[in-house]
Every structure is written in C-alpha cells, then in structure tokens.
Amino acid sequence: MIIEKISLHYFRNYEELFLQPHEGINIFFGKNGSGKTNLLEAVHYCSLGKSHRISQDQNAVMIGKKGASCSLTIKGSSVKNEIEIRLQPGVETVKTVWINQKKIGRLSEMMGILRCVIFSPEDLNLIKEGPAVRRKFLDMMISQISRSYFIALQQYRIAYNQRNAILRQARLENRRPDSMIADFEKEMAEYGQAIYRERKKITDLISEKGNEIYRKISGRETENLSIAYHPSYSWDDETESMEKLLEKNRDDDLRQGTASVGPHRDDLLLSLNHKSMKLYASQGQMRTAALSLKLAQMDIFQHITGEYPVLLLDDVLSELDLDRRMNLLKMIEGVQTFITCSDEGDLADYHNYRTYQVQSVQEKGKMTMTKAGVEMKTPVLHEPDFS
C-alpha cells in the first residue's frame, strides 16, 4: 500500500500543499511547531476519519478559514483510490468523507482503504496509562482490517450508552429500570462477544510478533515481552451468559450508573520477564515495548491483507540510541514510511530515504516545505467546495 499524492488545503498551518512522496522512507525535519506532525495527522484522518491527537475537528482548520481538506491518492496491489476529508467548522463541525469523489454515508465504508500505523512519543501511554488507552489501540487496529468489527463496536457503544441512560434516569426517579433495558443488554452481549473474539485473536498475534520485534530492536535475547488480553467477563464460562450477568448486576450498575462488565472494561496486560511493565520497566524498555506493539501491528496487517500499511513515526528517532535506531530502520525497509524529526542528523548513518525540510514563514503566517533546497509551490489539485 503506497500513498502516491497528498493534497492539503487550509489544513492546520498548511495553506496549500501538494506532495508526491517517495515509495520508501520520507523524512520531514524542522523546528518544533513548524508543522511536521500535521502532515502525519492528515494521513491519519484519511485512514480512520479522525485525528490521532485531537478530539475536536475544528482545531484542524486553519484559523480564519471556513473549511479545510486533506486528500490522498492510494495505490494498492490491485486498485487505486482517492480519499478526501472535508472539515467545516461552525456550531458543530461538519466532517464529510469522499471516496473517489463520491460522498459516503457511513464511516465504516472508508475502513481498510488506507491502513496506517502511527507511533508517537505519546504512545508510551500504552504502558503507563489506564486500560482505555490500550482498548483504543486495539479498536483502531482491528477496525482497519475488519469492517464488521468496526460496526460491532459502534452497535455495542449504542446499546451500552442506551442502557446507561436508562440506569441514570431510573436512579434520578428512584425507581427500577424499565423493561427496555433487557433489549439493550441482549445487544451488548451479542456484539460484546464478537468484539472479545477479535480482540483476543489479535492480541495473541501481537504478543508473538511483539516479543520477536522487541528482541530485534533492543538486541537483548534475555528479555521476553508478553501481552495478554484480560477480559472483565469470562466468555468461555458457559454457566452464566453476559446477558444474564448484566441482568443480575442491575442493582449494582444502578448505583454506579454504568455496566460493570463488558468489552468497555477489558484490558491488555504487558509484562517483561513476567513482571508488570507499568510497575517495573525502565523508560527505555517502555519505549521499545510500545514501538514493538506498533511494528507488530504493521506485520499483522501484512500477514492478514497481503499488503504493508503506511508507517508514521513521529519524533521517534531522537529517543533511540544508534543501535536501536539502525535496527528499526532495517526492519521497515520496503515499507512506505513518514518520519518526523528535528534534525536530519538523526539519520546520518542511513542513506536510503528522501528528505524534506519543513519551516514556518512567520511574516506570511504559513509554512513551506523544501526538498533538496527547492521550495515546493505546486498547488493543490482542486479547491474543495466549502459553501
């Protein structure tokens, strides 16, 4: 899977940009705040329909503009597609997705057209923070290779939110939940089981590949990384279904205002040599483990789909020593990769890549990008209609 063209219009600090990236490694270097990560964010938008770092879409629109767009042309093994995201801020930001110049009605229709894996310094939170971060990692990963999973996830959340709403209303009115709650519990159990099965299957693959990759990057054969899926409900226990358990737990859930069991409470347990990484691992071990999870994701995508995803590495190289940096670069040969860094010297000992310098033009309030010292002024393919 290769990105052939990137076109941005009023996206973040890019007034307009048209880029034809290299099929291998692309390096974007420049000062902090120049707009390097914004380019990776645009790719992420076109893959999953949302940013990897903000929850409010209007923040991606250049200040003072009525709309923004990012579009990519992607070449797969047998087909070529164009994906475009248009953002229009207002009372509520309107986000529309266009595939091959046709507006789609459901976000699920874009899943899998562009698969990407992104790693940034914030991904240390996969080890440091709570279960929600790890669940999000799994959900974003699996959604890119299974539209049915993405739909099951959406339906589960709808049923879960509806059940919670009934519980909250019943608590306010000091009464028992109404009869409709059983319907939502049935849906939670049905979609929850589908979510669990996919998460468990993928976690087993991640654990196997992640340990192998961890050893290659760290160079330490004595360290064993293990990832295990930890559900809040035993789906293999046939004595009590989740639907029955939710019914049984209604009184407790009524007091808490939320469901006490289900995929929304599951977790990934990460350990190194059988010790909890969150409690015992060093900063360097955590960083290597988080990177190993993302590279395992890349290999799993290739194994399942037959194509490597696009790899996005945001400010990663400066955090690795020379040996780990070179081990990483060897592992991603043949994968289209976008790397941001503050100094081109981070790749001084590697030569198979294309370099772009990203810099802000303060007096014009925008930025430019140069390749081999030549400013890139090529206009976008078309200006989206934000009217």
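Taken together, the values in this text are just the output of simple stated rules run on the coordinates, not laboratory data. As the structure is a computational prediction, the values presented were derived from the model and not from experiment. Reconstructed Cβ throughout: ideal geometry from the backbone, glycine too, with neighbour counts over all protein chains shown.
Taking the fewest neighbouring Cβ atoms within 10 Å as the starting point, the ordered list for 191, 196 is 196, 191. Looking only at 264, 22, 274, which one moves most when the chain is put into a Gaussian network model with springs between Cα atoms under 10 Å? Among 264, 22, 274, the largest mean-square fluctuation in the Gaussian network model of the chain belongs to 274.
Rg and Dmax of region 122-306, based on Cα coordinates, read 18.6, 61 Å. Using a simple spin-label model with pseudo-atoms 7 Å out from Cα toward Cβ, residue 258 and residue 342 lie 3.6 nm apart. With a simple spin-label model that places each label point 7 Å from the Cα along the Cα-to-Cβ direction, the separation between residue 171 and residue 212 comes to 4.7 nm. With an a/c value of 1.5 or above and a/b not larger than b/c for the gyration tensor axes a ≥ b ≥ c computed over the alpha-carbon atoms, the chain is described as oblate. How would region 1-99 be classified by its alpha-carbon gyration tensor: rounded, prolate or oblate, with rounded meaning a/c under 1.5 and the a/b versus b/c comparison settling the rest? Because a/c hits 1.5 or more and a/b fails to exceed b/c, region 1-99 counts as oblate. Ranked by the mean number of other Cβ atoms within 10 Å of their residues, highest first, the peptides 170-178, 318-326 come out as 318-326, 170-178. Most simply put, the chain has about 75% antiparallel DSSP beta bridges, counting only bridges with both residues inside it. Close amide H partners of residue 118, meaning residues 5 or more places away or on another chain with modelled amide H under 5 Å apart, are 312. Of the peptides 61-68, 26-33, the ranking by mean beta-carbon count within 10 Å, highest at the top, reads 26-33, 61-68.
Restricting to Cα atoms and excluding each atom paired with itself, what does the Kirkwood estimate give for region 12-63 in Å? After inverting the pairwise mean of 1/r, the radius is 12.3 Å.
For a straight C-alpha distance cut-off of 30 angstrom, the lysines reachable from residue 65 (same-chain residues fewer than eight places away being disregarded) are 5, 31, 36, 50, 95, 102, 103, 364, 366, 371, 377.
Considering only 43, 310, 335, the mean-square fluctuation computed in a Gaussian network model of the chain, springs between alpha carbons under 10 angstrom, is largest for 335.
With the helix formula -39500 (n - 2.57) applied to DSSP H stretches of n ≥ 4, the chain reaches a computed 222 nm mean residue ellipticity of -12000 deg cm²/dmol. Once the C-beta distance of residue 32 and residue 109 is scaled by a Förster radius of 35 Å, the resulting FRET efficiency is 0.45 to the nearest 0.05. Take each peptide in 300-306, 256-262, count the other Cβ atoms within 10 Å of every residue, and average; sorted highest first, the result is 256-262, 300-306.
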